[in-house]
1. Which one is most open to solvent (accessible area, probe 1.4 Å), of the residues in region 191-230 that are in contact (Cβ under 8 Å) with a residue 60 or more places away in the chain and of a type in the set (Val, Ile, Thr)?
2. Tell me the residue from ILE233, ILE216 that is under 23 Å from LEU334 (Cβ atoms) and hydrophobic (A, V, I, L, M, F, W, C), please.
3. So which pairs qualify, if the first residue must be in region 336-359 and over 10 Å from VAL263 (Cβ atoms), the second must be among the aromatic types (Phe, Trp, Tyr), the Cβ gap must be under 7 Å, and the two must be at least 6 apart or on different chains?
4. Just need a number here: residues in region 138-159 that are open to solvent by less than 40 Å² (accessible area, probe 1.4 Å) and not small (Gly, Ala, Ser).
5. Could you give me the residue pairs with C-beta distances under 9 Å whose first residue belongs to region 367-386 and is within 12 Å of LEU356 (Cα to Cα), whose second residue is of a type in the set (Ser, Thr, Tyr) and part of a loop (DSSP other than H, G, I, E, B) wherever it lies, and which are 6+ apart or on separate chains?
6. Kindly establish whether ASP50 is open to solvent by less than 40 Å² (accessible area, probe 1.4 Å) and either assigned to a loop (DSSP other than H, G, I, E, B) or modelled with pLDDT of 85 or more (or both).
7. As an exercise: evaluate TYR162 against (1) open to solvent by 10 Å² or more (accessible area, probe 1.4 Å); (2) touching a helix residue (DSSP H, G or I) at 6+ places or on another chain (Cβ under 9 Å); (3) at pLDDT 90 or above; (4) not aliphatic (A, V, I, L, M) and give the number of the one condition it does not meet.
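The values are calculated or read from the model by the stated rules, or taken from the named source; none is laboratory data. Computed from a prediction, not measured in an experiment: that's the story for all the values here. A quick note on method: Cβ atoms are made from the backbone with ideal geometry, for glycine too, and the neighbour counts reach across all protein chains shown. SASA here: full protein model, heavy atoms, side chains in, ligands and nucleic acids out. Shrake-Rupley method; radii C 1.70, N 1.55, O 1.52, S 1.80 Å.
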Amino acid sequence: MDSFLQFPGGNVIWGDGPHFVLEADEYDGCFLGLSPYIAVVTNVEWEHVDFFQDEEAVKTFFRRFLKRIRGGGHLIICGDKYALLNYVREFLWRGTDSVGARSLLDYTSEGSKPEHASGTMSVTSSDVDGYNIITYGISSTNEWHASSICPNSKGGTDYVLYHKGQPLANISLQIPGAHNVLNSLAVIATVTVLLQGRRQVHELINSLKLHLLDFIGLSRRFERIGKIHGCDIYDDYAHHPTEVYFVLQAARHRFPSMRLVVVFQPHTYRHSLKTIHGFRLAALKDDFAVALSHADHVVVTAVYSVREAGPRNVCGKDLATSIISSTSEYIPSLDDVVDKLALEICKDPLREIVILTLGAGEVIDRDVNTVGPKLLHELQKRLCIA
């Protein structure tokens, strides 16, 4: 199985510099215990339906988080009106309801609003907030933005980097997907803030170009499990409709002519026994169905349940029958999924096909992240490949 040697500790890397970088999560309001010097907000969506009643409740917690930014610090935020929607127009099921992280710019302090500069200048926060705001995105109205986005020969993405309306550099990534273009912009904006005054911008960007080009990804983020004959096997942690949609688009980006088969393990039937908003799969089932319809074939497994008990109102079979635009089936057992896929692939091992496993499962030997390695091993055994 392929390994990501850049991060031998999984998704952790130890350095010897003065900065500590942490990915924080809004679930349970845990990020409200942080007081960052720099906060990077990539997107704001209704995901944890057990804890947040609706998207507005999510935004309320994010606004509280912004108040935790230290005086003289920085908020680096995706400033696109519909974030990724500007790049992939087909993604429409939430487009009229959510403006993502950008909506927070109207509430940078309680009772006051920031001054929104016109054109390509960054947004300046009010004095009450005490921190600077830097925007990035696909739209040219952001301080940092990407233009001329296109696939490259490495299976990743190339784009032209702009700062305040001026082209700075050609950026090349090995990893595909519009979301990774945005992530790279966030990295560029953050490192530039950290090193401002110490290095010239052009010198810094040239250095960042090399590091971005060398980055091959993280564990369980479009992770390459292996390849055998015409079959490529990948795994991803995606377990929210938006995540599912964009990792499917990344797969299409890298393998435009190959058949795409997705194995999806839904994450939790429900969380709360007290409110209808606790039904995660039920609440997001229609969005999952739309996102998954961009595969050629979808296999939905039994639900990965965590932090829950009580009746199960929606199951994997209900999701499978909701997928209309592509063929789908419900196979509850992960071992049965492996057996069926291995049987079908062995009928024509040279056929070009991508197997993409998706889900939040983390329990060894029980969840969807085991399907890829088991399938690869089974194919090697059946096709007599050492």
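1. That would be ILE216.
2. Values: ILE216 fails: under 23 Å from LEU334 (Cβ atoms).
So the residue among ILE233, ILE216 that is under 23 Å from LEU334 (Cβ atoms) and hydrophobic (A, V, I, L, M, F, W, C) is ILE233.
3. Close Cβ pairs satisfying both conditions: VAL354/TYR234; VAL354/PHE255.
4. Count: 9.
5. Once the first residue is within 12 Å of LEU356 (Cα to Cα) and sits in region 367-386, its partners that are of a type in the set (Ser, Thr, Tyr) and part of a loop (DSSP other than H, G, I, E, B) give VAL368/THR301; ASN369/TYR237; VAL371/THR301.
6. So ASP50 passes the test.
7. Every condition holds for TYR162 apart from (2).
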